[in-house]
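The values are calculated or read from the model by the stated rules, or taken from the named source; none is laboratory data. The structure displayed is predicted, hence computed values, not measured ones. Positions of Cβ are generated from backbone atoms using ideal geometry, with glycine treated the same way; all protein chains shown enter the neighbour counts.
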Amino acid sequence: MHLTMLLAMLTLLWPVGPPPPEILRGWEPPPGPYAAGHRGVDLAAPPGTPVLAPAAGTVTFAGPVGGRGAVTLTLPGTGTPPLRTTFTPVTPLVPQGTQVSPGTPIAEVTENPHCPKTCLHWGLLKGETYLNPLPLTHRPASRLLPVTRGAP
């Protein structure tokens, strides 16, 4: 299945909330594999906030990376290689190999110097390619009011 079609069919839950969290820093893809960029999004979340599985999947990593706790959730039925969603800095709540349903607590946010206030860094990958998870989240519909001529 083509990646564009796959992404159009997939909806992810917010990993923290409800309501949808404040986005402290958006996705800024680097121009090359070793260039500077922001390979995910930072969501405001105080320490101890539960991190929820945004979709059904298998925890394929739960442990430290570069001195910070991390969790990777691999999503079945998303092609070869499958989509993986990542979370840092966290304390994992479930071990590697655990299969989870959407909304299952998989980690807790920990203190970090990554953001101006405590946040969860949420990444999405297809193989080694980083993707923006935000277009896959459910957002409340925008409500537009009719345009009228003249003042009432």
Report yes if some residue within region 27-34 is within 12 Å of the chain's Cα centre (by Cα) and either closer than 15 Å to Leu136 by Cβ or surrounded by 15 or more Cβ atoms within 10 Å (Cβ to Cβ) (or both); otherwise report no. yes
Could you grab me the full set of residues in region 66-103 that are out of contact with any Leu (no Cβ under 8 Å at 6 or more places or on another chain) and over 22 Å from Pro21 (Cβ atoms)? Gly66, Gly67, Pro76, Gly77, Thr80, Pro81, Pro95, Gln96, Gly97, Thr98, Gln99
Cβ pairs under 7 Å, 6+ apart, first in region 70-88 and over 14 Å from Val59 (Cβ atoms) and surrounded by fewer than 19 Cβ atoms within 10 Å (Cβ to Cβ), second modelled with pLDDT under 95 and of a type in the set (A, V, I, L, M, F, W, C): Gly79/Met1; Gly79/Leu6
Region 8-26 - residue that is buried (at least 18 other Cβ atoms within 10 Å of the Cβ) and farther than 24 Å from Gln96 by Cβ and, of those, farthest from the chain's Cα centre (by Cα): Leu24
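Go through region 85-125 and give me each residue that's among the hydrophobic types (A, V, I, L, M, F, W, C) and under 22 Å from Pro29 (Cα atoms).
Keep residues of region 85-125 that are among the hydrophobic types (A, V, I, L, M, F, W, C), which gives 87, 90, 93-94, 100, 106-107, 109, 115, 119-120, 122, 124-125.
Result: Phe87, Cys115, Cys119, Leu120, Trp122, Leu124, Leu125.
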Just one of the numbered conditions (1) within 13 Å of the chain's Cα centre (by Cα); (2) assigned to a strand (DSSP E or B) is not true of Gly63; which one? (1)
Has region 96-104 got any residue that is at pLDDT 95 or above, over 17 Å from Leu13 (Cα atoms) and touching a Gly at 6+ places or on another chain (Cβ under 9 Å)? yes
